[in-house]
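A short write-up of the structure that comes next.
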Amino acid sequence: MLLEHLGNKLQAIAAQSLTRVLRVAETAAAPLQQVRSADGQSRELLMFCSNDYLGLADHPQLADAMVEGVRLYGAGSGASHLISGHSRAHDELEHALAAWVAPEIPNAQALFFCTGYMANLAVLSALGDAGAEIFSEALNHASLIDGIKLSKASVQRYAHGDVAALEALLRASRSRIKLIVTDAVFSMDGDLARLPELLACAQAHDAWLIVDDAHGFGVLGPQGRGTLAHFQLRSERLILIGTLGKAAGVAGAFVAAHPTITQYLLQAARPYIFTTAAPPALAHALLRSLALMASDEGEARRAHLLRLQARLRLGVAALLAAHPALPWQLLASDTPIQPLVVGDNATVMRLSAQLEQLGLRVPGIRPPTVPAGTARLRITLCASHSEADIDRLLQALASVVAEQQSETLIEQGIA
Ligand SMILES: *Cc1c(COP(=O)(O)O)cnc(C)c1O
C-alpha cells in the first residue's frame with residue numbers, strides 16, 4: 001500500500017516535470033567541476049550554482065587545518081555537546097564567533113550547530129513559546145518555516161519587504177513576546193532585507209529581530225562580517241544565525257545573541273541537545289576559515305567577487321538591450337546571487353539544459369520555490385571564478401537567446 005501510494009506521488013511529480021535528481025560531484029567544489037549525471041555520463045562543467053562565495057571550500061589552508069584537526073582530535077566527537085562531545089576546538093570557535101559579532105551584538109555569546117537548518121529549528125522552536133508571536137517575512141528560507149512549524153507560537157506572515165505591513169501587525173499584537181524573523185539576503189532573489197527599518201520596528205514595539213545571514217556572512221560588510229555589519233546595526237535585540245558551509249567553505253552554523261538567550265538555547269534547544277557534536281576537526285578548520293575571511297586575502301576575494309558581479313550585470317544588461325522583445329529580467333542584486341527571471345517553467349528548464357550542453361551548470365528554479373510565472377536561472381558567482389568564466393557564461397547566454405529567437409521565427413513562419 002505504501003509503495004503504491006508513493007509510486008503514485010512520484011508519478012504526479014514526474015508529470016509536472018518537477019522530479020529532482022542527484023548528480024555526483026567527482027572533484028572538489030570549484031568553478032570547474034567533474035560532474036556525473038543520472039545517465040552515468042561524467043563531464044567537466046563550469047559551475048554557476050555553488051554557495052561557496054569566497055571560493056574557500058577547496059582552499060589548501062582549510063584542507064590542512066582539517067587534517068591538523070583530525071590529528072589533534074580524531075575523526076568524531078563521540079557524543080553530544082552536553083555529554084562529552086564539546087571539544088576545545090568547539091569552545092574556541094564559539095568564542096571567536098562571539099568576538100566576530102561583538103560590534104553588532106554587544107556582549108553576545110555564540111553557540112555552534114551542526115547545520116544552519118538545525119540552528120533555525122533550534123532558535124524558533126525554543127524561543128517560540130505558546131503565547132509568543134512570530135512575524136515571518138514571506139520569502140523566508142524553508143528551514144525558518146520548518147522552525148516556525150515546530151514552535152508553539154502564533155504566526156503572522158508579512159509580504160516581502162513590506163515594513164509598513166509588519167509595523168501594523170506589531171501594533172495590533174497583544175503578545176508579550178514578539179519575534180520578527182527574516183533572511184538577511186534572500187536566497188532566490190539576492191536582495192537584502194531592510195534590516196535598519198526592521199530593527200527600528202523591533203525597538204519601537206518591544207520585539208526581537210532574528211536574522212538568518214546564510215548568504216551575507218563572509219560576503220558583505222567590512223572583513224566580511226555580514227549583513228548586520230554592512231548596515232552598521234548595533235543592538236542587543238538582534239539574534240543572528242550564520243551558516244558556515246557557504247562563504248566560510250566548511251560546514252555548520254552558529255547562533256549569536258544575548259547570553260540569556262544562548263544560555264536558554266543550551267537548556268532547551270533540542271537540535272543542539274539531542275545530536276552528536278560535529279567533528280572537532282570542522283571547528284578547528286572553521287577557526288582558520290574565520291581568519292582567512294577577515295584577512296587581506298579575504299578582502300581581495302570580496303573585491304574580485306564585486307568585479308565579477310559588475311561584469312555579469314553589464315553583460316546581461318547589454319544582451320537584454322539587444323533583444324528588447326525578450327521578457328527576461330535580471331533582478332536587482334548587489335550580492336553574488338544574480339537571478340535571471342525568464343517566466344515559465346518549461347523555458348527555464350530548456351535554457352538550463354541548453355547551457356549544460358554548452359558545458360555550464362546554471363540551475364533553473366521553479367515554483368513552489370519561487371512564485372508562479374517567475375521561474376529563473378539562479379546564477380551564483382564565487383571569488384574563484386575568473387573574468388573569463390563570466391565571459392563564457394555571457395557568450396553561452398547570447399547563443400541560447402539566438403537559438404530561441406530563430407526557433408520563434410521558424411514557428412511564426414518568418415524564417
Ligand atoms: C543554506 C541556508 C540555510 C541552511 O544552512 P545549512 O548549513 O546549509 O543547513 C538556512 N538559511 C538560509 C537562508 C540558507 O540559504
The residues GLU236, GLU94, sorted from fewest to most surrounding Cβ atoms within 10 Å, come out as GLU236, GLU94
Candidate aspartates and glutamates - alpha carbon under 16 Å from LYS152, same-chain residues fewer than 8 apart omitted: ASP129, GLU133
Treat the count of other C-beta atoms within 10 Å as a stand-in for reagent exposure and order VAL341, VAL24 from fewest to most. VAL24, VAL341
LEU56 neighbourhood, Cβ < 14 Å, K/R = +1, D/E = -1, net charge -1
GNM result for the chain, Cα springs below 10 Å: residue of GLY359, GLY40, GLY315 fluctuating most strongly: GLY40
How big is D, in µm² s⁻¹, for segment 106-195 by Stokes-Einstein at 20 °C and 1.002 mPa s if Rh is the Kirkwood radius over C-alpha pairs? 156
Can you list residues whose amide H is under 5 Å from ALA383's amide H, if they're 5+ apart or on another chain and H is modeled 1.01 Å from N? LEU54, GLY55
Does anything in segment 372-387 have its amide N under 18 Å from the 7 Å Cα→Cβ label point of THR27, and if so which residues? 382-387
Once the dipole of the chain is set up with Lys and Arg at +1 and Asp and Glu at -1 on Cβ about the Cα centre, which of PRO367, SER295, GLY40 lies farthest towards its positive end? PRO367
Taking a temperature of 25 °C and a viscosity of 0.890 mPa s, what whole-number D in µm²/s does Stokes-Einstein yield for segment 60-294 with Rh from Kirkwood over alpha carbon pairs? 139
Most mobile listed residue (ILE210, ILE83, ILE13) in the chain, GNM with C-alpha springs under 10 Å: ILE13
For the chain, the longest site-free run once trypsin sites (Lys or Arg not before Pro) in DSSP loop states with at most 11 other Cβ atoms within 10 Å are removed: 177-415
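All of the numbers you see were taken from the coordinates with simple rules; none came from a lab. Worth saying up front: this structure is predicted, and the values here are computed from it rather than measured. Virtual Cβ from ideal backbone geometry, glycine too; neighbours counted across all protein chains shown.
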